[in-house]
Amino acid sequence: MSSAAPAPSPSQSLRILLGALIGAVLGLLMLGVALAAWWLAVARHEPERIVVPEAFEARLEAAAGGAAFGLSPVYVHGASSGADWLSGIASELEAQGHELRPLPDDDPALTREVERLARRWAEPPRRPLLIWREPAGLMLCRCDHPRARAQARRLLAASHRPDVAEPQDPQPAVAPRRAAEPAGPSYPPLGPPPARIAAAPAASTAAPPRATSAAPALPGDPAPRGQAGPPPPPGRASPARPAAPRRTDPPEARRDAESLFF
């Protein structure tokens, strides 16, 4: 018979429950510390998109004045907090198509509105504040930290769109002409080269046909009719042979004379 496992005592169960509770609390505490570190190091320095009333941007333009022609304004609130940094990036932003426009401090209603937008929970507004427009809406940056300033410069550089140059008519690319390759076999044939017959001009078609030359005569060939043989070359004439005497006797006498010897 197998013995059953002993049931845990109430004090042991209480210890297991207490250990699990302490582990969960420590896990949550570590998660909170990680989130706080991420917030202090990264999240609180990121520029954010803000939602404003319809007339807010018009009030900013009326208070700071319009930017120069062809430049987009970047409104600055609390410029005295980062005067050195703002003066250093003014030329850089102007080259990118932006212009810094400081907001005056003599408009308390506008100042309260800007600080209300920049306030986040119990954190007081940090200065200087940069406000600019992107295609998706208004952006706000609390530029009191090197990370926040680097993010603002990156976003402002990315929102710059240079003027598109007028399109020019593309010239068609001329393909290089290849040299005409001679027609024929790849390797030269053996023997004498074939005679090339030049194309006769069109005017020569009306000319009368030329007489074909006769084939050269060989020694021993009979001379053609109506044409005398070629004259012998000078200085090589053969001596004239004496003609044999012609016999005029009749054939009967010739037979009688031959019979005398047989």
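The values are calculated or read from the model by the stated rules, or taken from the named source; none is laboratory data. Computed from a predicted model, the values in this text were never measured in an experiment. In this analysis, Cβ positions are derived from the backbone assuming ideal geometry, glycine residues included, and neighbour counts consider all displayed protein chains. Calculation scope for accessible area: heavy atoms of the full protein, side chains included, ligands and nucleic acids excluded. Shrake-Rupley method; radii C 1.70, N 1.55, O 1.52, S 1.80 Å.
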(request) Give me a count of the residues in segment 25-53 that are under 20 Å from GLU113 (Cα atoms) and either of a type in the set (S, T, N, Q) or without any contact (Cβ under 8 Å) to a residue 24 or more places away in the chain (or both). (result) 1
(request) Pull up segment 1-11, narrow it to residues that are of a type in the set (S, T, N, Q) and either part of a helix (DSSP H, G or I) or open to solvent by less than 90 Å² (accessible area, probe 1.4 Å) (or both), then point me to the one that is modelled with the highest pLDDT. (result) SER11
(request) Specify the residue that is nearest to ARG153 (Cα to Cα); the eligible residues are those in segment 12-30 that are hydrophobic (A, V, I, L, M, F, W, C) and open to solvent by 100 Å² or more (accessible area, probe 1.4 Å). (result) MET30
(message) I want to confirm something. Restricting to segment 99-123 and keeping residues that are in a strand (DSSP E or B) and over 42 Å from the mean Cα position of the chain (by Cα), which single residue is farthest from ARG154 (Cα to Cα)?
(response) GLU123
(request) Would you tally the residues in segment 39-98 being among the hydrophobic types (A, V, I, L, M, F, W, C) and in a helix (DSSP H, G or I)? (result) 18
(request) Give ALA122, ALA79 a once-over and let me know the one that is open to solvent by less than 50 Å² (accessible area, probe 1.4 Å) and either touching a residue at least 24 places away in the same chain (Cβ under 8 Å) or aliphatic (A, V, I, L, M) (or both). (result) ALA79
(request) Can you tell me which residue within segment 151-176, out of those that are under 30 Å from ALA83 (Cβ atoms) and either at pLDDT 95 or above or part of a loop (DSSP other than H, G, I, E, B) (or both), is most open to solvent (accessible area, probe 1.4 Å)? (result) ARG161
(message) Let me confirm something: among VAL74, VAL114, which residue is in contact with a Pro (Cβ under 9 Å, 6 or more places away or on another chain) and β-branched (Val, Ile, Thr)?
(response) VAL114
(message) Quick check on segment 54-74: of everything there that is under 14 Å from GLU113 (Cα atoms) and not small (Gly, Ala, Ser), which residue is surrounded by the most Cβ atoms within 10 Å (Cβ to Cβ)?
(response) LEU60
